[in-house]
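Chemist: Just dropping this structure here.
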Amino acid sequence: EILSLISGDDDMVDRLELIEQASGSIPLVHIEDVCRAEIFAAEEATSGRYIVCTLNTSGVALAHFLAAKYPHIGGLPEKPRVCIWSDKLVKEGFQYKYNNLDEIYDDVVVYGRALGVLPY
């Protein structure tokens, strides 16, 4: 879903909209931070479940960001109502390495190109 606004995959855009409708925002995290959080939780012998989310955004904010960074894309409506945070994980001492859309999307776009999802 994260590449759908760039790739133009309408089915994935629909899923992204459903995520935003269900939670009120689009939670994002860099895949490296997901892996690091898994390792952190295992090494620290933490218990329970953790939400791994470095930032919450709306479809509109995401579309504006992507339009500025990748000028050939459009936008989505809606404003965030609820944010998903990983307070429990952060309180345990985990620190995100990737904290903004720029850092998250740089690697995602490279990955999308490598997969052939993004032709440019």
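Chemist: When you check Ser58 against the structure, is it surrounded by 13 or more Cβ atoms within 10 Å (Cβ to Cβ), hydroxyl-bearing (Ser, Thr, Tyr) and at pLDDT 85 or above, yes or no?
Modeler: Spelling it out, Ser58 is indeed surrounded by 13 or more Cβ atoms within 10 Å (Cβ to Cβ), hydroxyl-bearing (Ser, Thr, Tyr) and at pLDDT 85 or above.
Chemist: While we're here: Would you mind stating whether Asp11 is part of a helix (DSSP H, G or I) and farther than 16 Å from Tyr105 by Cβ?
Modeler: Here the answer is yes, as Asp11 does meet what is asked.
Chemist: Examine region 40-50 for a residue that is out of contact with any Phe, Trp or Tyr (no Cβ under 9 Å at 6 or more places or on another chain), modelled with pLDDT of 90 or more and not in a loop (DSSP other than H, G, I, E, B), and state whether such a residue exists.
Modeler: Yes, region 40-50 contains at least one residue that is out of contact with any Phe, Trp or Tyr (no Cβ under 9 Å at 6 or more places or on another chain), modelled with pLDDT of 90 or more and not in a loop (DSSP other than H, G, I, E, B).
The values are calculated or read from the model by the stated rules, or taken from the named source; none is laboratory data. Note that the structure is a prediction, hence the values are computed from the model and not measured. Every residue, glycine as well, gets a Cβ built from its backbone with ideal geometry; the counts of neighbours run over all protein chains shown.
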